[in-house]
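Chemist: My questions will all concern the structure given below.
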Amino acid sequence: MMNGPLSLVHVLERARRYFPNSIIASRLPDRSFLHRCSYADLYRRSRALASALTRRGLKKGEAVATLMGSHYAHMEAYFGIPIAGAVVHTLNPRLHVDETAYIANHAEDRFLIVDDTLLPLLEQIGNRVHFEAIFVFSLNGYPIPPGYEDYEDLLASGGSDFTYPVIDENDAAAMSYTSGTSTGRPSGIVFSHRSIVLTCLGILAADSLGVVCADVVMPLVPMFHVLSWTLPYAAVMAGSKLVLPTGHWETEHLVELLEIEKVTLGTGVPTVWLAVLQLLERKKRNYKFASGLRLFVGGAAAPEAMIRGFDRQGIPLIPAWGMTETSSNIVVCRLKPHLHKLPEEQYYAARARTGFAVPLSDVRIAAENGDEVPADGATMGELQVRGPCVAASYFKKEPDPDSFTSDGWLRTGDVATIDGEGYIKICDRIRDLIKSGGEFISSVELENAIMGHPAVAEAAVIAVPDPKWSERPRAFVVLKPGAVVCGEDIARFIAPKFAKWWLPDEYVFVESLPKGSSGKCLKRVLREQAARRGQSGHLPS
């Protein structure tokens with residue numbers, strides 16, 4: 001058989017040949033305006049960027065950072081940097097400036113492309129980073145400030161006769177960093193051309209996300225976060241129309257884009273879709289979404305109540321799972337045919353499971369001694385994964401037993417179960433699991449049950465120290481606007497689902513939950529607040 005490299009060069013050339021008229025629609029700072037360009041434009045400008053950076057001395061394997069939102073120029077960097085043989089490194093503007101500086105220095109970024117709207121953030125980093133040159137993309141059309149170079153001038157300096165360098169499929173193409181923890185710095189993941197192409201093929205698979213050229217794809221995962229789950233690359237491979245919100249993450253604007261652009265596929269974390277669902281239920285008007293619209297939710301377990309809520313809107317919400325180390329979602333909840341015939345309660349319980357592994361990926365649930373747990377849907381263990389799109393090590397680090405097993409599996413840090421059908425269900429993060437009286441309690445299952453209460457908008461459950469039981473669950477609850485409910489009401493509502501000792505000892509009502517850069521709840525912050533409350537006797541503001 002012929003042997004050709006799996007690379008982003010092929011993806012870009014495919015877009016030029018078969019889908020030159022496919023559209024990238026970007027909502028720029030002027031919300032009334034959608035910038036539209038074609039894949040032919042993407043091809044031309046990506047090659048111009050590659051040529052210009054090469055002329056500036058960019059060498060194979062060097063990193064070029066982006067500090068940008070989700071829009072067409074970021075797509076040019078997604079392709080232009082890797083096809084030059086270099087590595088596109090997406091910086092997360094939502095991180096603390098100290099972490100951003102650390103990441104840029106650790107990655108040894110040579111150049112930076114930055115949105116003008118993010119220059120104030122860059123200036124906070126100051127002289128802690130030393131880019132050879134900084135190219136500013138003007139989202140607003142304003143003049144480029146002194147001391148920076150114009151991104152459009154950079155493109156204009158590129159030649160039309162650009163020739164692709166020799167690229168091996170195992171060469172680095174992109175780079176992303178995990179979120180930092182309370183005990184360590186963020187870790188870098190380097191994606192190869194091969195892993196990105198294979199991830200795209202997985203996304204196009206029918207029992208995965210099933211992206212096709214007729215789709216209108218709107219990733220509501222920022223392009224600076226894990227390559228937006230690799231979905232922009234997959235959309236270009238399929239020839240789909242792309243809708244990018246730039247920096248407009250307000251719920252009303254997202255719903256407006258879903259409707260106006262006739263989006264057929266969207267991806268996002270539970271907090272994003274929960275806000276969309278609440279808007280749809282509150283507005284009570286007949287939105288004219290595209291027929292066949294389906295939404296995928298990842299980043300955290302999807303509450304069953306949210307899946308039911310979107311069903312009432314006529315929109316399927318499909319759980320999936322992945323992490324930075326896996327490039328994208330490698331577990332998707334597609335129901336097997338016979339499961340559609342289950343009674344309602346069992347059917348929705350099945351819909352709320354995380355799913356089974358996509359082709360080419362393997363998963364297992366391991367007990368503390370390393371043995372696989374029984375496939376009974378109840379015994380919990382650590383979710384471990386492997387496959388050609390899974391990281392084998394972290395950038396500049398040797399594999400360690402806390403992250404990788406001796407037989408080559410990635411330790412995810414997620415606690416899960418697996419049933420006889422092969423469906424896994426994420427129960428918790430290992431660090432968030434509550435151990436009470438020697439038995440484990442899943443904070444995720446409690447949260448999802450609490451969010452099923454009609455008065456509850458969001459919920460988070462953490463472990464707090466207990467002198468008798470070691471740890472006990474405490475729930476933090478955000479109510480829907482105008483709702484009035486007490487902890488006893490919620491306890492009675494969820495009691496039929498759990499053993500009595502699972503139920504939280506306390507319900508703390510708050511206006512909002514602390515969120516991280518990806519939209520996940522920061523339970524670390526809640527634990528810190530709980531500790532301060534324990535010391536002072538009252539809940540901190």
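Chemist: Out of curiosity, is Gly69 in the same structural domain as Ala40 (by TED's automatic domain parsing), of a type in the set (Gly, Ala, Ser) and surrounded by fewer than 20 Cβ atoms within 10 Å (Cβ to Cβ)?
Modeler: no
Chemist: Mind listing whichever residues of the stretch 37-71 are among the polar types (S, T, N, Q), closer than 24 Å to Leu122 by Cβ and out of contact with any Ser or Thr (no Cβ under 9 Å at 6 or more places or on another chain)?
Modeler: Of everything in the stretch 37-71, just one residue is among the polar types (S, T, N, Q), closer than 24 Å to Leu122 by Cβ and out of contact with any Ser or Thr (no Cβ under 9 Å at 6 or more places or on another chain), namely Ser46.
Chemist: Further, regarding this structure: Hey, which of the helices (runs of 4 or more DSSP H) in the stretch 210-278, taking only ones fully inside, have at least 1 residues that are within 24 Å of Asn448 (Cβ to Cβ) and among the polar types (S, T, N, Q)?
Modeler: 251-260
Chemist: Please indicate, with yes or no, whether at least one residue in the stretch 337-350 is crowded, with 18+ Cβ neighbours inside 10 Å, part of a loop (DSSP other than H, G, I, E, B) and modelled with pLDDT of 95 or more.
Modeler: Checking the stretch 337-350: not a single residue is crowded, with 18+ Cβ neighbours inside 10 Å, part of a loop (DSSP other than H, G, I, E, B) and modelled with pLDDT of 95 or more.
Chemist: If you take the residues of the stretch 108-120 that are crowded, with 22+ Cβ neighbours inside 10 Å and under 12 Å from Tyr148 (Cα atoms), which of them is farthest from the chain's Cα centre (by Cα)?
Modeler: Phe111
Chemist: How many residues does the stretch 251-293 contain that are over 22 Å from Ala234 (Cα atoms), touching a helix residue (DSSP H, G or I) at 6+ places or on another chain (Cβ under 8 Å) and of a type in the set (Ser, Thr, Tyr)?
Modeler: 2
Chemist: Would it be correct to say that Ser403 is polar (S, T, N, Q) and within 23 Å of Trp501 (Cα to Cα)?
Modeler: Considered against the rule, which asks whether it is polar (S, T, N, Q) and within 23 Å of Trp501 (Cα to Cα), Ser403 comes out as no.
Residues are listed down the side, and each one gets a yes or a no for (1) farther than 30 Å from His130 by Cα; (2) among the aliphatic types (A, V, I, L, M):
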{"position": "Phe19", "(1), (2)": "yes, no"}
{"position": "Leu34", "(1), (2)": "yes, yes"}
{"position": "Ser38", "(1), (2)": "yes, no"}
{"position": "Leu42", "(1), (2)": "no, yes"}
{"position": "Lys59", "(1), (2)": "no, no"}
{"position": "Tyr72", "(1), (2)": "no, no"}
{"position": "Thr90", "(1), (2)": "no, no"}
{"position": "Leu95", "(1), (2)": "no, yes"}
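Chemist: Consider the stretch 78-99. How many of its residues are assigned to a helix (DSSP H, G or I), crowded, with 23+ Cβ neighbours inside 10 Å and touching a residue at least 40 places away in the same chain (Cβ under 8 Å)?
Modeler: Adding up the residues that qualify gives 5.
A quick yes/no check of all residues on (1) surrounded by fewer than 19 Cβ atoms within 10 Å (Cβ to Cβ); (2) outside the structural domain of Lys520 (by TED's automatic domain parsing); (3) part of a strand (DSSP E or B); (4) touching a helix residue (DSSP H, G or I) at 6+ places or on another chain (Cβ under 6 Å):
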| residue | (1), (2), (3), (4) |
| --- | --- |
| Ala101 | yes, yes, no, yes |
| His106 | yes, yes, no, no |
| Ile125 | yes, yes, no, yes |
| Glu152 | yes, yes, no, no |
| Asp161 | yes, yes, no, no |
| Val166 | yes, yes, no, no |
| Ser176 | no, yes, yes, yes |
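One line per residue, one yes/no per condition, for (1) basic (Lys, Arg); (2) in a strand (DSSP E or B):
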{"residue": "Gly4", "(1), (2)": "no, no"}
{"residue": "Ala15", "(1), (2)": "no, no"}
{"residue": "His35", "(1), (2)": "no, yes"}
{"residue": "Ala40", "(1), (2)": "no, no"}
{"residue": "Leu53", "(1), (2)": "no, no"}
{"residue": "Lys60", "(1), (2)": "yes, no"}
{"residue": "Glu76", "(1), (2)": "no, no"}
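Chemist: Tell me yes or no: at least one residue of the stretch 44-64 is surrounded by 19 or more Cβ atoms within 10 Å (Cβ to Cβ), in contact with a strand residue (DSSP E or B) (Cβ under 6 Å, 6 or more places away or on another chain), under 18 Å from Ser176 (Cα atoms) and among the hydrophobic types (A, V, I, L, M, F, W, C).
Modeler: Looking for residues that are surrounded by 19 or more Cβ atoms within 10 Å (Cβ to Cβ), in contact with a strand residue (DSSP E or B) (Cβ under 6 Å, 6 or more places away or on another chain), under 18 Å from Ser176 (Cα atoms) and among the hydrophobic types (A, V, I, L, M, F, W, C), one finds at least one in the stretch 44-64, hence yes.
Chemist: Considering only the stretch 486-518, state which residues are at pLDDT below 90 and in contact with a His (Cβ under 9 Å, 6 or more places away or on another chain).
Modeler: Across the stretch 486-518, the qualifying residues are Ser517, Ser518.
Yes/no per residue for (1) within 23 Å of Ile426 (Cβ to Cβ); (2) in contact (Cβ under 8 Å) with a residue 24 or more places away in the chain:
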site	(1), (2)
Leu254	no, yes
Val269	yes, yes
Trp273	yes, yes
Glu281	no, yes
Leu293	no, yes
Asp311	yes, no
Ile318	yes, yes
Gly322	yes, yes
Ser328	yes, yes
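Chemist: Still on this structure: Is it true that Lys523 is more than 21 Å from Val415 (Cβ to Cβ) and in contact (Cβ under 8 Å) with a residue 60 or more places away in the chain?
Modeler: Here the answer is no, as Lys523 does not meet what is asked.
Chemist: Can you tell me which of (1) over 26 Å from the mean Cα position of the chain (by Cα); (2) of a type outside the set (Val, Ile, Thr); (3) more than 26 Å from Arg27 (Cα to Cα) is the one Phe135 doesn't meet?
Modeler: (3)
Chemist: Report the residue count in the stretch 261-291 for those that are modelled with pLDDT of 90 or more and surrounded by fewer than 13 Cβ atoms within 10 Å (Cβ to Cβ).
Modeler: 3
Chemist: Give the number of residues within the stretch 433-447 that are closer than 23 Å to Val332 by Cα and either at pLDDT 90 or above or of a type in the set (Asp, Glu) (or both).
Modeler: 3
Chemist: Among the residues of the stretch 17-33, how many are crowded, with 18+ Cβ neighbours inside 10 Å and in a loop (DSSP other than H, G, I, E, B)?
Modeler: Residues meeting the conditions: 3.
The values are calculated or read from the model by the stated rules, or taken from the named source; none is laboratory data. Computed from a prediction, not measured in an experiment: that's the story for all the values here. Note that each Cβ is placed from the backbone with ideal geometry, even for glycine, and that neighbours are counted across all protein chains shown.
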